[in-house]
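We did not get these values from a lab; they are worked out from the coordinates using the rules stated. Computed from a predicted model, the values in this text were never measured in an experiment. In this analysis, Cβ positions are derived from the backbone assuming ideal geometry, glycine residues included, and neighbour counts consider all displayed protein chains.
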Amino acid sequence: MIVLKGKVVSGFGHFKPRMDSFPEVFRGATGETLFPGTLNVDVNRPIKIKQHFKISGAEIKEPEQDLLFEICRINGIWAYRIRPYNLENGTGGHGDHILEIACAQRIPDAVCGSEVEITLFRESLD
């Protein structure tokens, strides 16, 4: 288990429309209804995602990229890191230094500029 601290930063707002337009796809992947949107957390270093499961981009009308998911916790609440992954070149989202976090509820006291704690369930950051 790895515990990281990070700072909440503003994003582009791309996940809310995806989740609003395709709630059944996200529910099918995660088993729960996610709060629309992601919380963007800058951890000041690139951390490659450890994929637990994914949503094929074709399912949400974005065939050029998949959405990779890693189960995690944020401030003690079960959540998912979601990493857009361009199938051609591996880029996507904000990069690997900003973790895009989603969960079934709004994260209390997680506003732009606040510090949060992310727990990843893995042995190393490799």
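Just GLU88, GLU62, GLU70 to compare: in a GNM of the chain, with alpha carbon springs under 10 Å, which one fluctuates most?
GLU88
Kindly provide the helix-only [θ] at 222 nm of the chain, computed as the sum of -39,500 (n - 2.57) over DSSP H runs of four or more divided by all residues, to the nearest 500 deg cm²/dmol?
Here the helix-only value at 222 nm equals -3000 deg cm²/dmol.
Fewest to most neighbouring Cβ within 10 Å: what's the order for LYS50, LYS7?
LYS7, LYS50
Rounded to whole Hz and in sequence order, give me ³J(HN,Hα) for segment 113-124 from the Karplus expression 6.51 cos²θ - 1.76 cosθ + 1.60, θ = phi - 60°, writing x for Gly and Pro.
Calculated HN-Hα couplings, in order: x, 7, 8, 10, 10, 10, 10, 9, 9, 7, 7, 8 Hz.
Under 30 Å Cα to Cα from LYS7, which lysines show up? Leave out anything in the same chain fewer than 8 places away.
In chain and number order, the partners are LYS16, LYS48, LYS50, LYS54.
Once you keep just the Cα pairs under 8 angstrom separated by 6 or more residues, what percentage relative contact order results for the chain?
35 percent
How big is the chain on each of its three principal axes, counting only the C-alpha atoms and giving the largest first in Å?
34, 29, 25
Grab the other residues whose beta carbon is less than 13 angstrom from that of GLY76, score K and R as +1, D and E as -1, and report the net.
Overall, the nearby charge balance is -1.
If Lys and Arg each add +1 and Asp and Glu each add -1, what is the summed charge of the other residues whose beta carbon sits under 13 Å from the beta carbon of GLU115?
With Lys, Arg at +1 and Asp, Glu at -1, the neighbours total -1.
What are the ³J(HN,Hα) couplings of segment 2-7, residue after residue, when phi is run through the Karplus curve with 6.51, -1.76, 1.60 and θ = phi - 60°? Round to Hz, x for glycine and proline.
Residue by residue, segment 2-7 yields 10, 10, 10, 9, x, 10 Hz.
For PHE15, PHE53, what ranking results if the residue with the fewest other Cβ atoms within 10 Å of its Cβ goes first?
PHE53, PHE15
Report the extension gain between ASP20 and ARG122 in nm, rounded to one decimal, defined as 0.36 nm multiplied by the number of residues separating them, less their alpha carbon distance.
Once the chain is fully extended between ASP20 and ARG122, it gains 33.7 nm.
With springs only between Cα atoms under 10 Å apart, run a GNM on the chain and tell me which of LEU87, LEU67, LEU99 wobbles the most.
Among LEU87, LEU67, LEU99, the largest GNM mean-square fluctuation belongs to LEU87.
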